[in-house]
Each structure stands twice: as C-alpha cells, then as structure tokens.
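What follows is a set of notes on a single structure, which appears directly below.
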Amino acid sequence: MAIREDVIVIGGGLAGSVAAIEAAETGASVRLVTYKKSTLRHASGLIDVLGYADGDDPVVDPFAELDDLPADHPYAIAGEAAVRDGLARFDEITGETYQGSHTDTNALIPTFSGAVKPTARYPAAAAAGIASDDRPMLVVGFEEMTEYNGEMLAAHLEAAGVPFDVEGVECNFPGEYVNDSRVTRFAKRLDIDETVDYEGRSMGAREALAAEVEPHVGDAERVGFPAFLGDDHAEAVRTDLERHLGVDVFEIPMGPPSYPGMRLEDTLKDAVDEAGVRISAGNPVVGFEADGGEIQSVTVDSKGREVPYHADEYVLATGGLVGKGIDSSREDGVEEPIFDCHIPHPEDRYEWFDEEAFGDQPFAHFGVVVDETMRPLDATDAPEFDNLRAAGAVVGGADTVAEKSQSGVSLATAVVAGEQAGKQAAKHEVSQ
Ligand SMILES: Cc1cc2nc3c(=O)[nH]c(=O)nc-3n(C[C@H](O)[C@H](O)[C@H](O)COP(=O)(O)OP(=O)(O)OC[C@H]3O[C@@H](n4cnc5c(N)ncnc54)[C@H](O)[C@@H]3O)c2cc1C
C-alpha cells in the first residue's frame, strides 16, 4: 500500500522528533522516517541555548545576547520567539524530568571533566549539583571506572572557583566486577536493585552503594555520582540513595554511553507516539522525486528495495557532520546527501580549518542556509524546493559546539519547520 502523509520528517533526533510533534499539533498526519540512533545517546542530556558568545566568560542570559548574533545565525533567522517556543515545547514534553524553565538565566552544571557548563535546561537528576548552590558537595568516583575520577573532578571544580566546599572520593562499586567494568553494568545493577554481597551481608545494590559512600559524606549536604544511577527506574535509584545517605543526590553528566541522553531519547519517543506520529525506523531516505520545484516523494531504501513515501511537505532533520546529515569528502566537497541542498563552503579544503585548534573553525559553520520559514536556499538565495524545510544540526551558520547552542538551535529551528510544514500541508488540502 502506498505511503502518503501530509508531512514527512526525515531524522529522529531532537530536531526531527520536535518538528514531527509540532507538525502533528497543527492537525497534519505526520510520519517520522529515521535511520540509525540519533546523537542523543552520546550527548550530555543538557539543553544548551547559548553558553558562550564572543568572550571566554559564560553567557548569563542567552536572550540578552540574541540581538548581537550575526545575521546568518539560525537564531537571528528564526527569531527570539522561535527560541522561546522551542524551549516551551521541550518543557511540555519533558515535564518534571527537566528543570531550568523558571528563568532565562543559564544554570551552571558540573560535568565529568570538572568544568561547570552554562546550560538552559538540565535533568532533574542533575539539579542538586547546580553551582550557584553554596552547600558543601562530595563527588564520588569509582576505582572500576577509568574514565572518571572523583578526587580529580573535585580538584578541577575547586580550581574553577566554585563557591562551595567540594571533596572527592574514589570508592569501589559493590559486588563482583572485573576491573574497568562497563558503565551499563553498574546502571543495570542499580536499576534492578540486584542483590549483592557487601561486607559479608546480602543486600540490594542501592543500599550497598550507600553503605560504601556513607563514611565519606562528612559535612557534605549533597553527593554527586557519575550519571549512571539507573535507567528505567532512575528516579527510584536516586530517591533510595538519598534516603540511605540522608543528603541530596545528583548525577554528573558524562560522555557516552550517556544515560541522561538515553532517557531523553525515550521521553521524546513517547511524546512522538502520543502526538500520533507514525514512525518508520531503520531504513534510510536515499533520494527523492520532484516536479516543478515541489518534492513529490522521498525514496526509502527498504533492504535494497526503493520505496516511495509521498507527502505534501517534508522536513529535513538528518543532523550535521556527526549525524551524517552533511557529508564531506576530498572529491565532492561538502554535501547534503538526500536533496543535494546548497551548502556554502570554500573550494580549497585548507580554508575549511583554522590553524588555531580553538580558533573559529569554518567547517563548524557548514550546513544548509535557510529562510525564516526554514526552507533551504540555493546559491542564488531562492528556496531549493517550495515544500522542504530544515531543522537541527543540518542547518548551518553557527559553530553551535563552540558557543554551546546545539540543542537550542535544534529546538528553535524544529518548531518553525514543523509548524510551517503542518500549516502548508493544510493549505495543500484546501486547494485540492
Ligand atoms: C557527543 C555529543 C555531545 C553533545 N552534547 C550536547 C550538550 O551537552 N548540549 C546540547 O545542547 N547538545 C549536545 N549535543 C547535541 C545534540 O545531541 C544534537 O546533536 C543536536 O541537537 C542535533 O540534533 P539533530 O536532531 O539535528 O541531529 P542528530 O541527533 O544527529 O539526529 C539525526 C537523525 O537523522 C537520522 N538520519 C540521518 N540521515 C538519514 C537518512 N538519510 N534517512 C533517515 N534518517 C537519517 C540519523 O540516523 C539520526 O537519527 C551533543 C551531541 C553530541 C554528538
């Protein structure tokens, strides 16, 4: 049976999920076509809107900086209302599992490198670690985890000048483990509260972990753990540890595999389902058919079989250089692989990079150029197609990694692209 929807969104990361929900809110029938896992499971789970502008100091209020951004910045194109709408949609989707919506001001959240990161929204599980809180802190690391050291993290935080006393400790994760165990095994053990032998007694893993940490708590009023405190039952794990330790417990965002990122991925998937969006997962979009500047269908590679998916409107949310929404090669330069949308870039490859490792890297700005309704533009600034919009990391114009604005840009561009696609699809229906 032919697949036909009002709107097809390509890409199931933060941008594609939010664009699909936004389009569905307009009453459109929406299908999300996505291929591999998104970057969320590698991400910290923090939602950065603008952490750094033109100096080394973190931005206090991202909204106060928006007017000073260059004209080709996605925020300048989408507008402040889009940034606010994107965050509002995110808050609605995540509910009590995220905090930060009470203020425009960035929060400073400790991360596993020992830095404090300016961010707009953070998981509730990370909230007690906020750096503007002056309560003494204990940071726990584990001998079995080589990528994270509690004592070093505490020393880094102290060197960063945090306004509270911070101690670090290396503990042993209760139960039998080979050295260098995977974070997923710790998380699972806590999630199911597996029975372990601890100091000659059998007890639940959560109680045993608390017993291991408790002698080090001292004056600390909050205790930070690497962000692996459970998966499906993360809140119960944290609450149990708080009960046993008698202090607030929080998670410190860390690198992959990122439980906060995976939990956010689950929350988004539930929200997409709830919005009535149909999902086609596991097969890539590899091409399209167009007629007179309008896309008629996209081609999905279904195990070697090319299947057309038809819609009135399309949203491209395939990610950036990391997500493979943008490709680069010596032979072909920088490309958007599905629709071959224009991506401005210097022909000379040496001009893609700045010699200074921390300089303003031209390649970090690569992406499609969009108009205010998020339609990708060609080299003459005309829309590539009337019915194609772009959202997320595939949109260029800013070094979102350096300025810490990745998720904010994804949300702002997604709400505009999704809403516009939904509304335009309704117009198609009326005119038919
Ligand atoms: C390591 C890492 C850390 C990060 N940390 C932070 C952070 O601390 N704070 C923050 O705000 N943001 C962070 N981010 C950014 C954030 O996770 C997202 O990458 C960003 O918001 C872009 O999301 P996206 O939806 O545009 O792209 P992606 O997450 O890349 O999703 C794109 C999706 O499109 C799919 N796709 C690609 N091509 C096709 C195709 N042809 N057909 C069908 N589907 C396709 C991909 O499989 C993928 O599922 C981090 C990202 C990474 C990689």
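The values are calculated or read from the model by the stated rules, or taken from the named source; none is laboratory data. None of these values were measured; they are calculated from a predicted model. Glycine gets a Cβ as well: all are built from the backbone with ideal geometry, and neighbour counts include every protein chain shown.
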Selected residue [in contact (Cβ under 8 Å) with a residue 12 or more places away in the chain, within 22 Å of PHE173 (Cβ to Cβ) and surrounded by fewer than 24 Cβ atoms within 10 Å (Cβ to Cβ)] from ARG278, ARG238, ARG201 = ARG238
For the stretch 71-84, state whether one or more residues are small (Gly, Ala, Ser), exposed (fewer than 14 other Cβ atoms within 10 Å of the Cβ) and at pLDDT below 95.
-> no
Using beta carbons and a limit of 9 Å, which pairs, at least six apart or on different chains, have the first residue in the stretch 403-419 and assigned to a helix (DSSP H, G or I) and the second one within 11 Å of the ligand (Cβ to nearest atom) and aromatic (Phe, Trp, Tyr)?
-> SER407/PHE90; LEU411/PHE90
Would you call ARG206 assigned to a helix (DSSP H, G or I), free of Cβ contacts under 8 Å to residues at least 24 places away in the same chain, under 26 Å from ASP266 (Cα atoms) and of a type in the set (Lys, Arg)?
-> no
How many residues does the stretch 182-203 contain that are modelled with pLDDT under 95 and in a helix (DSSP H, G or I)?
-> 7
Kindly establish whether SER132 is within 16 Å of the ligand (Cβ to nearest atom) and either among the small types (Gly, Ala, Ser) or under 16 Å from the mean Cα position of the chain (by Cα) (or both).
-> no
Taking LYS269, is it assigned by TED's automatic domain parsing to the domain that holds VAL33 and within 21 Å of the chain's Cα centre (by Cα)?
-> yes
Is at least one residue of the stretch 401-408 of a type in the set (Lys, Arg) and on the phi < 0 side of the Ramachandran plot?
-> no
Does the stretch 345-389 hold any residues that are at pLDDT below 80 and either over 28 Å from TYR52 (Cα atoms) or among the acidic types (Asp, Glu) (or both), and which are they?
-> GLU347, ASP348, GLU351, ASP354, GLU355, GLU356, ASP360
Tabulated pairs, the stretch 343-371, first closer than 23 Å to ALA390 by Cβ, second hydrophobic (A, V, I, L, M, F, W, C) and at pLDDT below 70, C-beta under 6 angstrom, 6+ apart or interchain | PRO362/TRP352; PHE363/TRP352
Only residues in the stretch 328-340 that are farther than 13 Å from ASP378 by Cα count as the first member; pair them with residues that are among the charged types (D, E, K, R), Cβ under 6 angstrom, at least 6 apart or cross-chain, and list the lot.
-> PRO337/ASP327
Look through GLY95, GLY45, GLY114 and report the one residue that is surrounded by fewer than 16 Cβ atoms within 10 Å (Cβ to Cβ) and either more than 13 Å from the ligand (Cβ to nearest atom) or more than 24 Å from HIS365 (Cβ to Cβ) (or both).
-> GLY95
Listed by range, strands (runs of 3 or more DSSP E) wholly within the stretch 236-293 having at least 3 residues that are more than 11 Å from the ligand (Cβ to nearest atom) are 248-252, 285-291
Pairs under 7 Å by beta carbon, first residue free of Cβ contacts under 8 Å to residues at least 24 places away in the same chain in the stretch 115-136, partner not hydroxyl-bearing (Ser, Thr, Tyr), six or more apart or different chains?
-> ILE130/ALA107; ILE130/LEU108; ILE130/ILE109
Residue list for the stretch 306-330, restricted to those being within 14 Å of the ligand (Cβ to nearest atom) and either part of a loop (DSSP other than H, G, I, E, B) or hydroxyl-bearing (Ser, Thr, Tyr) (or both) | TYR309, TYR314, ALA317, THR318, GLY319, GLY320, LEU321, VAL322, GLY323, LYS324, GLY325, ILE326
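So that you can scan it fast, the table gives a plain yes or no per residue for (1) away from the ligand (no atom under 11 Å from the Cβ); (2) at negative phi; (3) surrounded by fewer than 19 Cβ atoms within 10 Å (Cβ to Cβ); (4) of a type outside the set (S, T, N, Q):
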{"residue": "VAL9", "(1), (2), (3), (4)": "no, yes, no, yes"}
{"residue": "THR26", "(1), (2), (3), (4)": "yes, yes, yes, no"}
{"residue": "LEU40", "(1), (2), (3), (4)": "no, yes, no, yes"}
{"residue": "ALA53", "(1), (2), (3), (4)": "yes, yes, yes, yes"}
{"residue": "PRO58", "(1), (2), (3), (4)": "yes, yes, yes, yes"}
{"residue": "LEU87", "(1), (2), (3), (4)": "yes, yes, no, yes"}
{"residue": "HIS102", "(1), (2), (3), (4)": "yes, yes, yes, yes"}
